[in-house]
Every structure is written in structure tokens, then in C-alpha cells.
Amino acid sequence: MSRSRPRTFSRLVLWEIEGCLSLPILSLIVASAIIAVLVQSSSPRDFANSYINLYDGTSIIFLILALVASTLFSHSFAGNIGNGGLKRMLSYPVRRWQVFLSKVIATTLIVFGAYASAFTLNLYLSSLSPLEPLFYVSLFTMFLHLLLVCTVSIGISLLTGSEIISTMVSFLLVLGLDNAFDFRSYFSSQGRFTYIFGYFEQLTHLDSFFMLTNSPVTVEEVAISIAIPILVTTVGLTTAFIYFTRKMEID
Amino acid sequence: MNTIIVNTTNLVKSFGKVVALNGLNMQAPKGISGFVGKNGSGKTTTIGILLGLIKPNGGNATVFGLDCWQDSFEIRRRLGVMHEINAYPGSFSGRRFLEHVAKLYGVSQVNQTVDALLKDVGLAEAKDKPIKAYSAGMLKRLGLAQALIGNPELAILDEPTANIDPLGRLTLLDKIKEMHNNHDTSFLIATHILSDLEKICNWLIIIDSGKIADQGNIHNLTEKYSASIYKVEVSNPQLFVAAVQKLGAVDRVWEENDKVFCKVNNPEVFCEQIPKIVIELKLQLKSFQQTLGTLEEIYTQTVGEKRR
């Protein structure tokens, strides 16, 4: 039996994606994404300002996204630790960093893919141009929120090794933060979205922008809104990565 | 003895206050090795260390002469593993799952290899069924197939015959023997079913409380332990046991199904004394012989369990 040089990392990513796609939960993810977008778009505006539909109701999207993402990331990490799948996987000729990153990338792609696809319904529902910059700004903010949930879920998964606990704690933690801080705080997903959306709205819709905050959004405010999730993700994922690749024992 | 491929020296591993391995010195040569021990004796921890999944607190573990923690990737390229828990992706078909595993091992002719393996382990007809529809026996056979992908030099099997029917067990054992004979694959088999090992193993490792109780060629071990055990059938076993217990040549005496078993430390003295005791107690001697050793007897003696 001859052997060739395996492209292990890409194969692992594809394996993870295929695994996620064949999960029964995938249909639930897609359905939740569509429902979230439809709920969001239920308050029509006049055509000139219909871009503001992208802002309205995003708290529902962030909420459902947090639930779905924490479920899927917890399944991918804690679930695999609990059912022995990770032990089996790490017994193959793969490196730990490859397993870690393949799980992160595959799960992020699946969740973000589902939500981004559903979010594009907005272009049709709100009669927006595909080139509407705030559409991409909204997607970017959604991605930042996803990274944050991903980090929290992976961290708790590695600490507890329990899928149910990880799903519940991750979701409640994100939900708790969103509830504890109002829509103008950097610590709530809606608050960060408000600053980012508001700032780019000022830049792109000078003639007809809605004032989402009491005063115009400054560069500092938008920078902090972007920096917080990126910083948390960088520190959290790096710590989880080091622990997973150097220290973690799979018993 | 063949080349040693698995070697541990003073291996120590604790989980909190629980000592799982306490100075394990284990050697497994090329061939088929049995790895036996009670639940919690440290078998799975040892396998975890050999695969680089668990870091030992002390000592040294090597496979193919490579350090198990530092060079675990190189080691895993050359071995296959079947874990006790069947954690396979249920939504995949058996064939699709094996294709993924084959690609990780860099097998170039994936389709042919997977088809041949599925046929070998008797899963050819079920290859397109989702794994979640497989029976316990089919899962074990799938586990064996994924452990044998890429013709590994060593396959580590943790409880390969647990929870499967007798026919399935025999098929699996035949497959293991066949792989060893045809492809020179070595096996390290951790199991509780000693009769399975008896059929295929040529090396036995007995672990007890995180230490090696004994290890060696299975024939040598059988001779070693059989030579010291005698089975005596007399008309009044209780009376005989009471008398034999007083002999200095006897380490241990026990009664089983009206037969008396004696573990002796000096066979010559023991054989001289038995006729004297029988005459003195006016017993009828029905039979007197050395026992034929089985793995179960070797195991029982090494881990020191009472057979009563």
C-alpha cells in the first residue's frame, strides 16, 4: 500500500465541514437564521431609508446566533471530548494545532455561512443594492459577535468537557452581558453594533442618516467597538490554543 | 526475543491523588502481545501515554524507539489504534469514514484500500449504511478496519472483542492473526477476555495497580506458573487441605470443586510428602498431577487474587 504526502489540515477542515453539514442540527441553524432575519425585517421603512432595516431587530439575530454558535462550538469541542471522538481523532497522524484550527474554521464557516446567506435576504426584503456598504458592515459586526461566542464556547468546553454545560454557560454568559449593558455600551453586542453601524452610516448616508446615538459616533468609539471582540478573541483563542496543543491530556 | 517496539521505564502517572501508573516497566516485542489487568489497573492510561495523549509525570515511554510525548506524531504515523469506545461519526457511511481516515494516513489508492479493508472485516455489504445503523459487532469491525488503514507496523486495540457475539469474536481474532501473518503487523491487545488472548498472543503483559505483575513469552509464563501448581483429588479434601497447609513446601492451598490446588515452592519435597500425608490420614488418592496452565491461572496467580 503506497502512501502519499497527506494534506492533513485541509482534509481535516473538509472532514469537519462535512460532519457539520450532515448533522441534523444544520437544518435548525438555517431555519433559525432565516427566522431571525424575517423577524428583523418586519418593520418596513420608506425605500430611501430602507437600509436602516439592517439595524432594526439585530438584537434578535445576535441572540439566536449566540445560541446556535455556542451549541455548535460546544458540540465540536466538549461534545467530542465527552464522546471520545477527540481521542480517536488525536490518535491519527494529525497535529493538535491542525485539529484545533480545523474545528474553529469549519464551525465558524458553517455558522457564519448560514447567517450571512440568510442575512442577504435583507437585500431583497428591503430593496437594497448588493453594493450597500452597511450590509457588509452588518455582516462584519455579526462575524465579530460570532468570534466572541466561539471564544467563550471553546474556553468553557475545554474547561468543563461537558457539551450541555458549555452550551448553557456560553449562551447565558453572552446573554447576560447583553442584558447587563444597554445598547450604548461597548460590552453589549447591540452596543458595539450601534457604534459600528452608526459610524459607517455617517460616512455613507450623509443626506439621510438616522442618529442612532446621542451624538455622532467618533473614530475612537468605533475602534473600541471593533477592538474589544478582536482582543477577547485573540487572547481567549490563543490561551485555548496553547492549552489544547501543549498541556491538555485526553484521557 | 524479537525486537522490542514498546518500552516503558519507571513510568509514573497520577491524576490528582489517584496513582494510575506506579513505576511501570513494560516491554512488548514485535508480534501479538496481550495486555491484561483489572479495571483501573492502568491499561488505558498506558495506551494514552503511548499515543501521546497523556503526559507522564515521570519515567520514559517509547514506541519504535521514539519518545511518546516528544515524537508522538511520528509514532502515530506508524501505528493504528482502536479505542474501547466506538466514537465514530454516526452520520457518515462506513466507507466515507474510512476514506477520510485513509486520506489522513496519506494512502494513495484510497478507494481500493478502503474497499479491500471493508471486505476483509466483513463490512462490504454495509459500507454505504450510516454508521449509526451499525450493530456493536459491526462497530468493532469498523474500528479494526480504521486501525489497520495504511498497513501500520503496530496496531493498539483496546478491548477489541468486548460486547460482540462469539462468532464475531472469532472472525475478529482470525483477522488479527491474518494481518499479523500476511502483513507483519504487530498488535498490542488490551482485553479482559483471556481466552481470546490465548488463541492468538505470543507475548503477555500483566498489569496490576499501575505496575507490571509479570510479562514474557506466553509459553514461558505458562511453564513458569504451571510448574508450581499441583492438583490433588482425595476422598476428604478438607482434611487434606488442613494437613498440606502445614507443609513448608507449600505457599498456598485452595479447594475448588472437591479438588485441592497447591502452589508449591519446592516440588521435590512436596511430591515426597503427599504420599505420606495420604497414608497417615488414611485417605484415598484419586489423582495427583501438575496443572496445565491457562492464561486465567497465570493471571490469577500474578495479580494474587484468591480463586475461592
Just for the Cα atoms in the protein assembly as shown, what are the lengths along the principal axes, largest first, rounded to whole Å?
-> 119, 49, 39
If we restrict to alpha carbons, what Rg and Dmax does the range A:8-247 come to, in Å?
-> 18.6, 60
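Using Stokes-Einstein with the Kirkwood hydrodynamic radius over Cα pairs, what translational diffusion coefficient do you get for the range A:109-251 at 4 °C and a viscosity of 1.567 mPa s, in µm²/s rounded to a whole number? All intermediate terms of the calculation are to be shown ahead of the outcome.
Details: Rh = 16.8 Å.
Estimated via Stokes-Einstein, D reaches 77 µm²/s.
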Looking at the range B:1-52, which trypsin sites (Lys or Arg not before Pro) are DSSP coil and have at most 11 other C-beta atoms within 10 Å of their C-beta?
-> B:Lys17
If amide H atoms are modeled at 1.01 Å from N in the peptide plane, then the residues at a separation of 5 or more from B:Asp214, or on another chain, having amide H under 5 Å from its own are B:Ile206
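So which of B:Lys199/B:Lys224; B:Lys17/B:Lys224; B:Lys17/B:Lys211 end up more than 26 Å apart, counting from Cα to Cα?
B:Lys17/B:Lys224
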For the range B:134-254, what log10 I(q)/I(0) values come out of the Debye formula at q = 0.10, 0.22, 0.23 1/Å, with one point per alpha carbon and no solvent?
-> -0.48, -1.28, -1.35
Sorted by chain and number, the residues with a modelled amide H under 5 Å from that of B:Phe35, at a separation of 5 or more or across chains, are B:Ile189, B:Ala190, B:Thr191, B:Ile205
For the range B:232-238, in residue order, the Karplus 3J(HN,Hα) values (coefficients 6.51, -1.76, 1.60; θ = phi - 60°; whole Hz; Gly and Pro = x) are 10, 10, 10, 5, 10, x, 4
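Could you work out the percent of alpha carbon pairs in the range B:227-303 separated by over 15 Å, rounded to a whole number?
Here the tail beyond 15 Å accounts for 51 percent of pairs.
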So what are the ³J(HN,Hα) numbers for the range A:91-107, from phi and the Karplus equation (6.51, -1.76, 1.60; θ = phi - 60°), rounded to whole Hz, Gly and Pro as x?
-> 8, 7, x, 10, 9, 4, 5, 5, 5, 4, 5, 5, 5, 4, 5, 4, 5
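At a threshold of 8 angstrom on Cα-Cα distance, excluding pairs fewer than six apart, so keeping six or more, what relative contact order does chain B reach in percent?
Numbers: 574 pairs, mean separation 57.8, N = 308.
Computed value for chain B: 19 percent relative contact order.
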Compute the semi-axes of the equivalent ellipsoid of chain B, taking the square root of 5 times each eigenvalue of the Cα gyration tensor, and list them largest first in whole Å.
-> 44, 22, 16
Report, as an integer, the average count of C-beta atoms from other chains found within 10 Å of each Cβ along A:8-15.
-> 3
Contact order relative to length of the range B:227-303, as percent, for alpha carbon pairs under 8 angstrom and 6 or more apart = 41
Mind checking B:97-109 for the average number of partner chain beta-carbons within 10 Å of each residue's beta-carbon?
-> 5
Go through the range A:15-29 residue by residue and turn each phi into a ³J(HN,Hα) via Karplus (6.51, -1.76, 1.60, θ = phi - 60°); whole Hz please, and just put x for glycine and proline.
-> 5, 5, 4, 4, x, 5, 5, 8, 6, x, 5, 4, 4, 5, 4
Find the relative contact order for chain A and round it to a whole percent, using C-alpha pairs within less than 8 Å whose residues are 6+ positions apart.
-> 24
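Coordinate-derived values only; no laboratory data. All of these numbers come straight from a predicted model, not from anything done at the bench. As a convention, Cβ positions derive from the backbone with ideal geometry for all residues, glycine included, and neighbour counts pool all protein chains shown.
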